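Notes for the one structure printed next.
The values are calculated or read from the model by the stated rules, or taken from the named source; none is laboratory data. Being a predicted model, the structure only gives us computed values, none of them experimental. All Cβ positions, even for glycine, are placed from backbone atoms using ideal geometry, and neighbour counts span all protein chains on display. For accessibility, only protein heavy atoms count, side chains too; no ligands or nucleic acids. Shrake-Rupley method; radii C 1.70, N 1.55, O 1.52, S 1.80 Å.
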Amino acid sequence: MTTLKMTLAALATTALTALPATAGEKWDMPMAYSGSNFHSVTGAEFAKCVTTGTGGDIEITTHPGGSLFAGADIKRAIQTGQVPIGERLLSGHQNESAVFGWDSVPFLVSSFDEHDKLYAVAKPEVEKVLADQNLTLLYSVPWPPQGLYFRDEVQTMDDMKGVKFRSYNNATSRLAELTGMLPVTIEAAEISQAFATGVADSMVSSGATGYDRKVWESLNYFYTVDAWLPRNYIMVNSSVWDGVSDSNKNVIQACADMAEYAGTWRAKEYTGFTMAGLAAGGMTVEPVNDAVMAGLKEVGATMTAEWLEAAGDTGAAIVDGFKAE
Ligand code: PCA
């Protein structure tokens, strides 16, 4: 073959193989939690729904477990257009806007039903802050109620003093400070290792995360205090979203609505299942005693007052709106 023929042949092959790729847009979707976690499973179904529903115009590929961007970096990656779409626990960005912490105010709600009502009031406020950051919310799914994990038994508030505590947002760090524990921020993807090596001996999280990360290999107690239910948000870069055709927007929003419904249902189902799983793994799963609950409620009252101060009128409107429901 002459050089020209070889070049032409190469070009033809490239053109052929490139065809399906240029037929649609490819959206990478970073997610922070393990592939087996119910949020990631829901995200994978959402991605498939969009890919099928748009006839391949937009093909979404999820990257769970923090494999593309670590949890803390996902929001910025979407804002700056490094990726068009992604998932993030927004309360992890309370330092940008206190409003993002509405779902981590201790003991404001403790069940899915109460949380749903609170979310209905908070959602438009969150969407306003997101809009200013060039982000559009597609759907959001709650985590199960948050409980306290410890290596050692906790019978009094003093038992928490000096314990190394894994935190995942400002509220969890503050909880540690107010109870005399030593907070260290660690992504969920890294916690099994952190507990195994003694970098942390406790955390507040859901039964789901403890179960996913097999924490019974290191920790022995899960206290079901139902402190709050934080949420993950699937967000798209608003400039990218503006460029999507109306019909594809409709498809994506329909897929998002279904994902929110399915994810929420899974969160509820997973609550009992994972607590049974923690017990089967050898952990003691029980409520804290009354004295510790009273101590935690005091800490919660301080944190609520602090959040209301930080979140100003918007915070007050969310709490008052919820209480008026
Ligand atoms: N799991 C996540 C956030 C809340 C939860 O239940 C975590 O521990 O990082």
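Each residue of the range 284-294 was assigned a 3J(HN,Hα) from its phi angle through the Karplus expression (A = 6.51, B = -1.76, C = 1.60, θ = phi - 60°), giving 7, 10, 7, x, 6, 6, 4, 5, 5, 4, 5 Hz with x at Gly and Pro. Taking D313, D320 and ordering them by how much accessible surface each has at a 1.4 Å probe, largest first, produces D313, D320. Which aspartates and glutamates have a Cα less than 20 Å from the Cα of K297, not counting those fewer than 8 places away in the same chain? Here the aspartates and glutamates satisfying the reach criterion relative to K297 are D103, E114, E153, D158, D159, E177, D226, E286, E306, E309, D320. For the chain, a Gaussian network of Cα nodes joined below 10 Å ranks A294, A72, A189 by mean-square fluctuation, and the top entry is A294. Only protein atoms count toward the accessible area here, which uses a 1.4 Å probe; on the chain, the carbon and sulfur part of that area reaches 54 percent. If the elastic network links every pair of Cα atoms under 10 Å, which of S40, S67, S206 fluctuates the most in the Gaussian network model of the chain? Largest GNM mean-square fluctuation: S67. The 3J(HN,Hα) values that the Karplus relation (6.51, -1.76, 1.60; θ = phi - 60°) gives for the range 46-61 are, in residue order, 4, 4, 5, 4, 5, 4, 5, x, 8, x, x, 4, 10, 10, 9, 10 Hz. Gly and Pro appear as x.
Before anything else, pin down the relative contact order of the range 170-325: Cα pairs under 8 Å, at least 6 apart, normalised by residue count, whole percent.
Numbers: 88 pairs, mean separation 47.6, N = 156.
Once normalised by length, the contact order is 30 percent.
Ligands, DNA and RNA excluded, the heavy atoms of K323 present near 140 Å² of accessible surface to a 1.4 Å solvent probe.
When DSSP beta bridges are restricted to pairs lying wholly in the chain, around 55% turn out antiparallel.
Between F165 and L182, V184, D201, the built amide H atoms are under 5 Å apart, and every one of these is 5 or more places off in sequence or on another chain. Taking every DSSP helix (H) stretch of at least 4 residues in the chain, weighting each as -39,500 (n - 2.57) and dividing the sum by the residue count yields a mean residue ellipticity at 222 nm of -16500 deg cm²/dmol. Around the amide H of L135, modelled in the peptide plane, lie the amide H atoms of S238, all under 5 Å away and 5 or more residues distant in sequence or on another chain. Here the Karplus curve 6.51 cos²θ - 1.76 cosθ + 1.60, taken at θ = phi - 60°, turns the phi angles of the range 174-185 into couplings of 5, 4, 4, 4, 6, 9, x, 8, 10, x, 9, 7 Hz, with x standing for Gly and Pro. Contact order, relative form, for the chain: 24 percent (alpha carbon pairs under 8 Å, 6 or more residues apart, mean separation divided by residue count). Under 5 Å from the amide H of Q94 lie the amide H atoms of N170, each residue being 5 or more positions distant or on a separate chain, with H modelled from the backbone and absent for Pro and chain starts. Among the protein heavy atoms, those of Y221 account for about 40 Å² of accessible surface (1.4 Å probe, every chain in place).
Return the subset of K123/K214; K75/K214; K164/K323 for which the Cα-Cα distance in this structure is over 29 Å, preserving the input order. Distance filter (> 29 Å) returns K123/K214; K164/K323. Taking a sphere under 15 Å around the Cβ of S111 and counting the other residues whose Cβ falls inside, with K and R at +1 and D and E at -1, yields a net charge of -4. Taking the chain as a Gaussian network of alpha-carbon nodes connected by springs under 10 Å, the highest mean-square fluctuation of the residues D201, D57, D113 belongs to D113.
Taking a probe of 1.4 Å, how large is the accessible area per residue of the chain, in Å²? Write out the running numbers ahead of the final one.
Values: 14200 Å² over 325 residues.
So the chain comes to 44 Å² accessible per residue, rounded to a whole number.
Compute the helix-to-body angle for 246-280: its Cα long axis versus the longest principal axis of the chain, expressed 0 to 90° and rounded to tens. Its long axis makes an angle of about 40 degrees.
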